[in-house]
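Inspection log for the structure reproduced underneath, given as structure tokens.
The values are calculated or read from the model by the stated rules, or taken from the named source; none is laboratory data. For clarity, every value in this text was computed on a predicted model and none was experimentally measured. Cβ atoms come from the backbone with ideal geometry, glycine included; neighbour counts cover every protein chain shown.
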């Protein structure tokens, strides 16, 4: 509710209303599982752990066939979507102030596991800038994080669609990764039933799997998942 100051003039009231709207939750961005917070200070944001997003490229390519870097018989299965600083309550910092950007050598190295120049630049500006690392160190950290999680054998190079439910998929990741538990990962679907991502919670210092914080949960319906095979 906006309180009217009896001493203000009518022309001031719209400005008050606009200011209140900008501070409301409607002005806070969302990434589907929590609320992001803009962080424009010169220092990077403090955070509690990393949320690593592994994107299933065959699902992405169903609707992005013109993306020649990732699609078009490139043979990708899981690729790295992002390594996101995260708070325990389910929110995260984003868009921290930075004067740096990934250089050409960093981009070339990162394309091996994040096959999109546009995504690399986006992930640095949105999430990497809040890591406290420079671009080269952040994407080196992302490379180590991606390599630290073993992909289950049935999802390494399937030429036919795997028949797996969410529980099956979680059990497969847990079996392939000693120390990983179902409380440390989540499965994200498009349209309720098509595999989009597997997200793994990692210690921000050691990159070891750890229990996820708030609002990191599965978004898939029960039953078998739609998992397109690799081209």
### Summary
Flagged in segment 183-218 as in a helix (DSSP H, G or I) and crowded, with 16+ Cβ neighbours inside 10 Å, in numbering order, are 184
## Note on the structure
So, first residue farther than 16 Å from residue 54 by Cβ in segment 165-186, second residue part of a helix (DSSP H, G or I), Cβ within less than 7 Å, six or more apart or across chains; the pairs are 181/174
#### Entry: The lone exception for residue 157 - which of (1) touching a strand residue (DSSP E or B) at 6+ places or on another chain (Cβ under 8 Å); (2) part of a loop (DSSP other than H, G, I, E, B); (3) farther than 16 Å from residue 52 by Cα it fails
(1)
### Output for segment 73-87, where each listed residue is assigned to a loop (DSSP other than H, G, I, E, B) and either in contact with a strand residue (DSSP E or B) (Cβ under 8 Å, 6 or more places away or on another chain) or crowded, with 16+ Cβ neighbours inside 10 Å (or both)
76, 77, 87
### Query
Are any of the residues in segment 127-150 in a strand (DSSP E or B) and surrounded by fewer than 17 Cβ atoms within 10 Å (Cβ to Cβ)?
no
## Note on the structure
Counting only residues in segment 111-124 that are surrounded by 15 or more Cβ atoms within 10 Å (Cβ to Cβ) and under 18 Å from residue 86 (Cα atoms), the one farthest from the chain's Cα centre (by Cα) is identified as 124
### Query
Hey, does segment 154-161 have a residue that's surrounded by fewer than 21 Cβ atoms within 10 Å (Cβ to Cβ) and free of Cβ contacts under 8 Å to residues at least 12 places away in the same chain?
no
### Test: residue in segment 35-44 that is touching a strand residue (DSSP E or B) at 6+ places or on another chain (Cβ under 9 Å), at pLDDT 55 or above and surrounded by 20 or more Cβ atoms within 10 Å (Cβ to Cβ)
no
### Task
Only residues that are over 14 Å from residue 123 (Cβ atoms) and crowded, with 20+ Cβ neighbours inside 10 Å: list them for segment 88-110, please.
91
